[in-house]
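A short worksheet on the structure shown next.
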Amino acid sequence: MNSPGLQRTVFLLLLAVVTAALVWVLSPFFGAVFWAIIMALLFDSTFRALLRRLGGRRNLAALLTLLLIVLIVVLPMVLLGVAAANEVSALVARVNAGDINFRSYAQQVLAARPAWLTEQMTQFDLIDLQSVVEKFSDALLKRGQTIASQALSIGQNALLFVVNLVVMLYLLFFLLRDGEQLSRMFRQAVPMERVQTHYLTSKFATVVRATVKGNVLVALVQGALGGLAFWALGIRGAVLWGSIMAILSLLPAVGASLIWGPVAIYLLATGSLWPGVALVVWGALVIGMMDNLLRPILVGKDTKLPDYVVLLTTLGGLSLFGISGFVIGPTIAALFMAAWALFAREEEQAAAPAAAAQAVAAPEDGPLAD
């Protein structure tokens, strides 16, 4: 009843239970913990550079790195979020007042169809665009109301946001200061070979840095270019639409076009030919080119993931984990491929001695052995 095997089994069970309990306790602050880890990985080189300049004073180096993160990351994001929230409130007010009617805009686009196209669609009994527009407009209106309510709830839950932000910054300080020691403890505690642990943790850090840096940079560039185009064309809510394009640009290839594409179609259909053409050219050649040029260089080069894998895992990650999913999805895919690569390499190494022994023994059993 008190055998060593039973004792180890009970200990491992206890270890699994307390680990699961810790994850459960921290789950309300998943976003804060997750982004604290991400920021610690991204700014580790900055912390090390400050540490060298400050003569090894880790507390001061971590504090200065934290202040730098607040100035260049947190503060701009908060200001942009406030500006976008104000434009959301103004947009909702205009929709409620009847100044903006998405169904009317869709009707104008349908009315601009060429007569021959309408006749052909009627003759061959193709898709009823009118009913499609009705359903799409209703769905868009409901989705807009949902987004608006969520945006307003963000303002109502400002205290929760502040708490999560404080938790993230507090944890980030200690991750910066003690990150090397914590990483060493983790590698020693994991029951795997040192080579495997080092490879997987290095892969994790590389993928996270490449995914965040690449996707965030592409999002910022595309959002800024899209918002600039809307502002130049006199479209209201340029900051809001630019922010939405930045978020949607996390989806490779199709992201930002989900916003500027319908707007360009509406401009072309309602007679604003040159603004519509200009938006199409700008969107396809400038905004789209940024995605095609920057993402493979910044994301695919370091993660070594095919574009279709990045797209699928990003979509899956966003659907499961929200905004954090654009990092979690590709990271899981990269670790999956890295783990299987380790397994295949170990199988090859295990098979090599047997193959060599068989090759040595083969002449003794062959017809020329005598």
Using a Förster distance of 25 Å, the FRET efficiency for A20-F321 (Cβ separation, nearest 0.05): 0.85
Approximate spin-label separation A351-F336, in nm, with each point projected 7 Å along Cα-to-Cβ: 2.3 nm
I72 - accessible surface, heavy atoms, 1.4 Å probe, Å² rounded to 10: 90 Å²
For L160, solvent-accessible area (1.4 Å; no DNA, RNA or ligand), Å²: 110 Å²
Leading residue at positive end of dipole, region 171-294 (Cβ point charges), from G237, W260, S249: S249
Zero-based 5 Å bins, Cα pair distances in region 181-289, whole percents: 2, 12, 18, 16, 10, 7, 6, 7, 6, 6, 4, 3, 2, 0
Contour minus Cα-Cα distance for L217 and V10 (0.36 nm per residue): 69.7 nm
Dipole magnitude of region 168-304, debye to nearest 20 (Cβ charges: Lys/Arg +1, Asp/Glu -1, about Cα centre): 320 debye
For region 175-226, diffusion coefficient by Stokes-Einstein and Kirkwood Rh (Cα), 4 °C, 1.567 mPa s, µm²/s: 99 µm²/s
Length released on extending from S272 to N59, taking residue separation times 0.36 nm less the Cα-Cα span: 70.8 nm
Accessible heavy-atom area order of W340, W231, W282, highest first, probe of 1.4 Å: W231, W340, W282
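The values are calculated or read from the model by the stated rules, or taken from the named source; none is laboratory data. If you're wondering where the values come from, they're calculated on a predicted model, not measured in any experiment. Quick reminder, even Gly has a Cβ in these numbers, built from the backbone with ideal geometry, and neighbours come from all protein chains shown. Just the protein is used for accessible areas: all its heavy atoms, side chains included, with ligands, DNA and RNA removed. Shrake-Rupley method; radii C 1.70, N 1.55, O 1.52, S 1.80 Å.
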